[in-house]
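Trainee: My questions will all concern the structure given below.
The values are calculated or read from the model by the stated rules, or taken from the named source; none is laboratory data. What you are looking at is a predicted structure, and each value in this text was computed from that prediction instead of being measured. Here the Cβ positions follow ideal geometry from the backbone for every residue, glycine too, while neighbour counts run over all protein chains shown. Heads up: the accessible areas ignore ligands, DNA and RNA and are worked out on the full protein's heavy atoms, side chains in. Shrake-Rupley method; radii C 1.70, N 1.55, O 1.52, S 1.80 Å.
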Amino acid sequence: MPENTATACLNASADAPAWLNEKYVEKMLRCAFKDTSIKVRQLDIYYAVPKGNNFASIIFRIGVTYHSKQQYEISRTFIVKGMITEGIAGEKLRLYDVQRKEMDVYQYVIPELKLLMKSIGEPGELYPTALTVDRKREAIIFKDLAPEGYRMVDRTQGMDMAHLKMAIKLMAKMHAGSLVLRQQQPNIFAPYNMSIVTRQTDAFYPMFVHIFEALTDEVGKWGPEWEYYHVKLQKLGPNFVEYSQRVIDNDPASEDLCVFVQGDLWVNNFLYKYDAQGNPIDAVLLDFQYCYYGSPMIDFCYLYYTSARDDIRQRCFDELLQYYYYELTGFARRLQYGGKLPTLYQFLQQAYRKMFYAVYSTFIALPVQMNENTENADFDALMCSDE
């Protein structure tokens, strides 16, 4: 199931920011590896992600050849993730504060979550390792996991059960770890108060409305047998954004479970490692630009309805929701979480109250992520009302 990433290897030197040069990389490596003798001999810059696979960032893979007093010449690759700053995308993403949030997560939250899992003997990478968080340039430099065999699943095919269960288990680890982390540091997730659907800005509303209207118009062309659903979509339209926002709303008086959610949990935000037979043996979770403190159903619905293979999406919701519940509570208990955990019955009641996010994920996110025509697939295009 790994995705063919050949198109991601195009040379990107012409599009790379001016600061991403040999001098900068040399300084970064010296700091990251605590070795002032490192000297960069060659730097090559490529696209790490093809156009159409990431709408909120620009991501490069850099190939670096360097040497030091401790090492003969060595060639390694790293990932450089920066924010889109120009056009409609740059304007809208600023309102969501996506880069500050992600830099904070990799600097302050991810190391703590990794330590928690390590404390109970859980193996695996879990999350990428950030070598440098550069706030001046709004960039993060990561260890590249591709040489270790990690790669994406084909987003157009979706996840089979093995990949999906591994993703859900990793999600449960993150959610359980966040329960314990918030108990230890009550304000740690306070800065993450804006999801991709939010009441704090209407920056993305045009995109939501345009996609929903396109869906409604399309269903209207399917013939008389679909008229019932066309009418329902027309009636839902004026309330669609409000109903989506209600999923995100947290009621302080409620005992509903709240966790640290990734907020954009779909197939392209996972990397998998495989054994010799092609079976997935480890998964890594990426991308925290839309992270939020809220219902775990934000992540579960988004993952399930955008990324599960069609046959699984049609018949396995209850099975996998219970699988998530037992993984979540199991890890929480292993981490000695001292708070109250819901029973399965209580959790399902809470989950079903948030099920409109399944509608949002299916109507808005899935069509964008399944798009195979990526020639004009970027954020600016999504914000426009034409074809």
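Trainee: Kindly list, by first and then second residue, each pair from a residue in segment 313-328 that is within 16 Å of T362 (Cβ to Cβ) to a residue that is open to solvent by 10 Å² or more (accessible area, probe 1.4 Å) and part of a helix (DSSP H, G or I), limited to pairs with Cβ atoms under 7 Å and residues at least 6 apart or on different chains.
Mentor: Note: pairs meeting the criteria are R313/Y305.
Trainee: Restricting to segment 1-35, and then to whatever is part of a helix (DSSP H, G or I) and modelled with pLDDT under 80, can you tell me which residue is surrounded by the fewest Cβ atoms within 10 Å (Cβ to Cβ)?
Mentor: If we take residues in segment 1-35 being part of a helix (DSSP H, G or I) and modelled with pLDDT under 80, then A6 is surrounded by the fewest Cβ atoms within 10 Å (Cβ to Cβ).
Trainee: Among (1) modelled with pLDDT of 95 or more; (2) assigned to a helix (DSSP H, G or I), there is one condition V209 misses while meeting the rest; what is its number?
Mentor: Of everything listed in (1) modelled with pLDDT of 95 or more; (2) assigned to a helix (DSSP H, G or I), V209 misses just condition (1).
Trainee: Considering segment 157-179 alone, what residues qualify as being open to solvent by 40 Å² or more (accessible area, probe 1.4 Å) and over 23 Å from T329 (Cβ atoms)?
Mentor: Q157
Trainee: Okay, next question. Condition first: within 26 Å of Q336 (Cβ to Cβ), touching a helix residue (DSSP H, G or I) at 6+ places or on another chain (Cβ under 9 Å), of a type outside the set (D, E, K, R) and surrounded by 16 or more Cβ atoms within 10 Å (Cβ to Cβ). Now tell me which residues in segment 96-123 satisfy that.
Mentor: Correct list: V109, L113, L116, M117.
Trainee: Given the structure, is Y108 farther than 15 Å from L286 by Cβ and within 19 Å of the chain's Cα centre (by Cα)? Give the steps one after another, and end with the answer.
Mentor: Numbers: farther than 15 Å from L286 by Cβ: yes; within 19 Å of the chain's Cα centre (by Cα): yes.
Yes, satisfied.
Trainee: Can you give me the number of residues within segment 88-134 that are not in a helix (DSSP H, G or I) and not small (G, A, S)?
Mentor: 13
Trainee: Also, quick follow-up: Could you tell me whether segment 240-261 includes any residue that is closer than 21 Å to A172 by Cα and touching a Leu at 6+ places or on another chain (Cβ under 7 Å)?
Mentor: yes
Here's the yes/no breakdown for (1) farther than 28 Å from T129 by Cβ; (2) buried (at least 20 other Cβ atoms within 10 Å of the Cβ); (3) in contact with a helix residue (DSSP H, G or I) (Cβ under 7 Å, 6 or more places away or on another chain); (4) among the basic types (K, R):
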site	(1), (2), (3), (4)
V241	yes, no, yes, no
V247	yes, yes, yes, no
W266	no, yes, yes, no
L271	no, yes, no, no
D287	no, yes, yes, no
S295	yes, yes, yes, no
C301	yes, yes, yes, no
S307	no, yes, yes, no
